[in-house]
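**Q** I have a structure here, written as structure tokens, and I will follow up with some questions on it.
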Ligand code: C6P
């Protein structure tokens, strides 16, 4: 599927066809995205919302069109979409904005499978303000323990923040149940959708989440562009935490506070990643043309195939749910260090990620101090890629007999 649209995938590594299975870290970029960004710089580059010359108007239009595209894609309105540099910046910004209304003793509920980006910002805030952070544990089947979630989410809970899809396990979390639980207790919901947007249909209206964040680079877009979605009623109440050009309606040298712009631009201080937004919008139309449902089905099929093949090897242990994993297969091979596994696979032209995947608390909980080897798939991967991975794994096991 779509192999030819991605120029980088046509190369060889150590004389072997590149088998790129590190898509949860970042996906490759189709030619149309590369062309869209090149075309922007060649024909339209200017700063936005500032100039009244032709290029400035063209660039502003391209940037705001990109915002419209993102909004439509996730079922939001344009004024609910804030461009950031990626999931990590979205979360750090959001934590600081929400933190202004949190007080000592308030509780934040996260899950044991959070990426550091949806963990450390909350922990830092909690340390500063005396907040309590609680974690929803996992079941033995690597899914969230919803019974415990019901106990942990109480009227003291102010925020429930969780990943839609685990980057280490591939687990798809039950968003609707968690949103219902949180809202029933009066808590706000923050969804880390870094591993889900562009992989399955994500509609913020249907999910009824309060905030949702994701990165362009994990869905065929460029690096350095991401999104913070917020329900309009919350964004209207929140104060920005970054200040500078492009976000004020009025400011003077006096001590009085500046007046922020009313639109989501007030959260985008400074010159944003204009070409990145253009590239992300192109990535979205590229994915839509291929069909998000088809992409999801393709990745699910590849995971099922990979799991069934890997399970034939007795020394492999799959670290993830039996079913319902989205494009991610994490595994261990006896006690072989995942870095050794990845190095040998690399010599076979196969790119995987090895280690703790920025989820150290999860790995500690699972007694996997060295982490796992993780293969992650996207629309351009094939069953042949899986076969090569499995052959590579057998090679690793021969080396570590
Ligand atoms: N996970 C991985 O290999 P950034 O780096 O800001 O684009 O995304 C951070 C992030 C947040 N949440 C989840 C669930 C993620 O998977 C990631 C990025 C990559 O798993 C790089 S650590």
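**Q** Quick one: would you say residue 82 is touching a strand residue (DSSP E or B) at 6+ places or on another chain (Cβ under 6 Å) and in the same structural domain as residue 228 (by TED's automatic domain parsing)?
**A** Values: touching a strand residue (DSSP E or B) at 6+ places or on another chain (Cβ under 6 Å): yes; in the same structural domain as residue 228 (by TED's automatic domain parsing): yes.
It is true that residue 82 is touching a strand residue (DSSP E or B) at 6+ places or on another chain (Cβ under 6 Å) and in the same structural domain as residue 228 (by TED's automatic domain parsing).
**Q** For the stretch 141-169, what are the residues that are in a loop (DSSP other than H, G, I, E, B), away from the ligand (no atom under 11 Å from the Cβ) and within 26 Å of residue 317 (Cα to Cα)?
**A** Residues satisfying the conditions are 141, 142, 143, 145.
**Q** Next question, about the same structure. Look through the stretch 201-213, keep the residues that are under 18 Å from residue 238 (Cβ atoms) and within 14 Å of the ligand (Cβ to nearest atom), and return whichever of them is surrounded by the most Cβ atoms within 10 Å (Cβ to Cβ).
**A** Once the filter is applied, the top-ranked residue is 213.
**Q** Filter the stretch 371-394 for residues that are in contact with a helix residue (DSSP H, G or I) (Cβ under 6 Å, 6 or more places away or on another chain) and more than 17 Å from residue 326 (Cβ to Cβ); which is surrounded by the fewest Cβ atoms within 10 Å (Cβ to Cβ)?
**A** 383
**Q** crowded, with 24+ Cβ neighbours inside 10 Å, away from the ligand (no atom under 11 Å from the Cβ) and either modelled with pLDDT of 95 or more or assigned to a helix (DSSP H, G or I) (or both): does that describe residue 181?
**A** On the way: crowded, with 24+ Cβ neighbours inside 10 Å: no; away from the ligand (no atom under 11 Å from the Cβ): yes; either modelled with pLDDT of 95 or more or assigned to a helix (DSSP H, G or I) (or both): yes.
In short, no.
**Q** Tell me which residues, restricted to the stretch 184-212, are assigned to a helix (DSSP H, G or I) and out of contact with any strand residue (DSSP E or B) (no Cβ under 9 Å at 6 or more places or on another chain). Walk me through how you get there before you give the answer.
**A** Restricting attention to the stretch 184-212, the residues satisfying the condition of being assigned to a helix (DSSP H, G or I) are 184, 204-207.
184, 205, 206 - these are the residues of the stretch 184-212 that are assigned to a helix (DSSP H, G or I) and out of contact with any strand residue (DSSP E or B) (no Cβ under 9 Å at 6 or more places or on another chain).
**Q** One residue is enough: does the stretch 325-333 have a residue meeting the conditions surrounded by fewer than 24 Cβ atoms within 10 Å (Cβ to Cβ), modelled with pLDDT of 95 or more, within 18 Å of the chain's Cα centre (by Cα) and within 15 Å of the ligand (Cβ to nearest atom)?
**A** no
**Q** Which numbered condition in (1) within 16 Å of the ligand (Cβ to nearest atom); (2) in contact with a strand residue (DSSP E or B) (Cβ under 7 Å, 6 or more places away or on another chain); (3) over 25 Å from residue 353 (Cβ atoms) is the only one that residue 91 fails?
**A** Checking residue 91 against (1) within 16 Å of the ligand (Cβ to nearest atom); (2) in contact with a strand residue (DSSP E or B) (Cβ under 7 Å, 6 or more places away or on another chain); (3) over 25 Å from residue 353 (Cβ atoms), the one that fails is (3).
**Q** Filter the stretch 1-33 down to the residues that are in contact (Cβ under 8 Å) with a residue 40 or more places away in the chain and part of a helix (DSSP H, G or I), then identify the one that is surrounded by the most Cβ atoms within 10 Å (Cβ to Cβ).
**A** Applying the filter and picking the extreme gives 33.
**Q** Additional query: Listed residues 254, 244, 270, 249; which is in a strand (DSSP E or B) and loosely packed, with under 13 Cβ neighbours inside 10 Å? Can you show your working first?
**A** Values: 254 fails: in a strand (DSSP E or B); 244 fails: in a strand (DSSP E or B); 270 fails: in a strand (DSSP E or B).
That would be 249, the only listed residue that is in a strand (DSSP E or B) and loosely packed, with under 13 Cβ neighbours inside 10 Å.
**Q** Being in the same structural domain as residue 372 (by TED's automatic domain parsing), out of contact with any helix residue (DSSP H, G or I) (no Cβ under 7 Å at 6 or more places or on another chain) and surrounded by fewer than 20 Cβ atoms within 10 Å (Cβ to Cβ) narrows it down to one of 349, 355, so name that one. Can you show your working first?
**A** Values: 355 fails: out of contact with any helix residue (DSSP H, G or I) (no Cβ under 7 Å at 6 or more places or on another chain).
Residue meeting the stated conditions: 349.
**Q** Here is a list: 346, 322. Which entry is more than 13 Å from the ligand (Cβ to nearest atom) and not in a helix (DSSP H, G or I)? Before the answer, list the steps.
**A** Values: 346 fails: not in a helix (DSSP H, G or I).
Checking each option against the conditions leaves just 322.
**Q** If you take the residues of the stretch 116-136 that are touching a residue at least 60 places away in the same chain (Cβ under 8 Å) and over 14 Å from residue 191 (Cβ atoms), which of them is nearest to the ligand (Cβ to nearest atom)?
**A** Restricting attention to the stretch 116-136, the residues satisfying the condition of being touching a residue at least 60 places away in the same chain (Cβ under 8 Å) are 116-119, 135.
Next cut, over 14 Å from residue 191 (Cβ atoms) only: 116, 119, 135.
Working: 116: 8, 119: 9, 135: 15 Å.
Ranking the candidates gives 116 first.
**Q** On the basis of being modelled with pLDDT under 90 and surrounded by 15 or more Cβ atoms within 10 Å (Cβ to Cβ), does residue 264 make the cut?
**A** Working: modelled with pLDDT under 90: yes; surrounded by 15 or more Cβ atoms within 10 Å (Cβ to Cβ): yes.
Taking the combined requirement at face value, the residue satisfies it.
**Q** Turning to a different aspect of this structure: Could you identify the single residue in 216, 198, 224 that is crowded, with 20+ Cβ neighbours inside 10 Å, at pLDDT 95 or above and within 22 Å of residue 269 (Cα to Cα)? Lay out the reasoning, then the answer.
**A** Numbers: 198 fails: within 22 Å of residue 269 (Cα to Cα); 224 fails: crowded, with 20+ Cβ neighbours inside 10 Å.
The unique qualifying residue is 216.
**Q** So which of 259, 303 is more than 17 Å from the chain's Cα centre (by Cα) and buried (at least 17 other Cβ atoms within 10 Å of the Cβ)? So that I can check it myself, show each step before the final result.
**A** Details: 259 fails: buried (at least 17 other Cβ atoms within 10 Å of the Cβ).
Just one listed residue meets the conditions, 303.
The values are calculated or read from the model by the stated rules, or taken from the named source; none is laboratory data. Quantities reported herein were computed from a predicted structural model and do not represent experimental measurements. All Cβ positions, even for glycine, are placed from backbone atoms using ideal geometry, and neighbour counts span all protein chains on display.
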